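The values are calculated or read from the model by the stated rules, or taken from the named source; none is laboratory data. Keep in mind that what you see is a predicted model, and the values were worked out from it rather than measured. A quick note on method: Cβ atoms are made from the backbone with ideal geometry, for glycine too, and the neighbour counts reach across all protein chains shown. Each accessible area value is taken on the protein alone, full model and side chains, heavy atoms only, with ligands, DNA and RNA left out. Shrake-Rupley method; radii C 1.70, N 1.55, O 1.52, S 1.80 Å.
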Amino acid sequence: MTQEPNAGNGWTYIVTATIEDGYEWGDLTGTGWVESTSAVATFTKTVDPNLCVPTKPIAPEATDGVCDGGEWTAPTVEAISGTGYVAQVTQQPNAGNGWTYIVTATIENGYEWDDLTGTGWQKVDSATATYARR
């Protein structure tokens with residue numbers, strides 16, 4: 001068997017069978033095998049090497065803290081889960097951390113992170129991305 005990358009972003013596998021002396025190929029119609037010579041037949045299959053669907057997490061919804069009529073309301077943040085990932089707030093904004101909040105997104109099976117450039121998200125690893133703001 002040989003394996004070759006192809007221009008279509010997949011892998012082409014070629015299996016070669018050599019018949020033993022005294023035998024001949026039967027009807028190969030519909031099997032995927034192609035008789036190359038009376039002694040050799042090949043089977044070729046191209047497969048997609050990456051079955052993961054790219055996804056980008058959505059920025060969380062955040063509200064600034066406000067002072068209204070002498071009453072302070074602290075800032076809030078809400079994680080937004082989307083297609084192929086689940087997001088959760090892993091650090092709420094509070095005065096002790098300079099009002100910094102962190103949202104963590106975890107990828108689901110069958111998905112991968114798309115290019116996160118310019119989204120505010122930072123890829124931590126293949127399964128996790130974080131969004132942090134002050």
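Data for the structure
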item	result
Single unsatisfied condition, Asp115 versus (1) under 11 Å from Thr55 (Cα atoms); (2) of a type outside the set (Lys, Arg); (3) surrounded by 12 or more Cβ atoms within 10 Å (Cβ to Cβ)	(3)
Region 93-134, subset of a type in the set (Phe, Trp, Tyr) and at negative phi, residue farthest from the chain's Cα centre (by Cα)	Tyr101
Pairs where the first residue, in region 99-119, is free of Cβ contacts under 8 Å to residues at least 24 places away in the same chain and the second is assigned to a strand (DSSP E or B) and surrounded by 14 or more Cβ atoms within 10 Å (Cβ to Cβ), C-beta under 9 Å, 6+ apart	Thr106/Tyr85; Thr106/Ala87; Thr106/Thr128; Thr106/Ala129
Residue list for region 77-89, restricted to those being more than 15 Å from the chain's Cα centre (by Cα) and open to solvent by 70 Å² or more (accessible area, probe 1.4 Å)	Glu78, Gln88
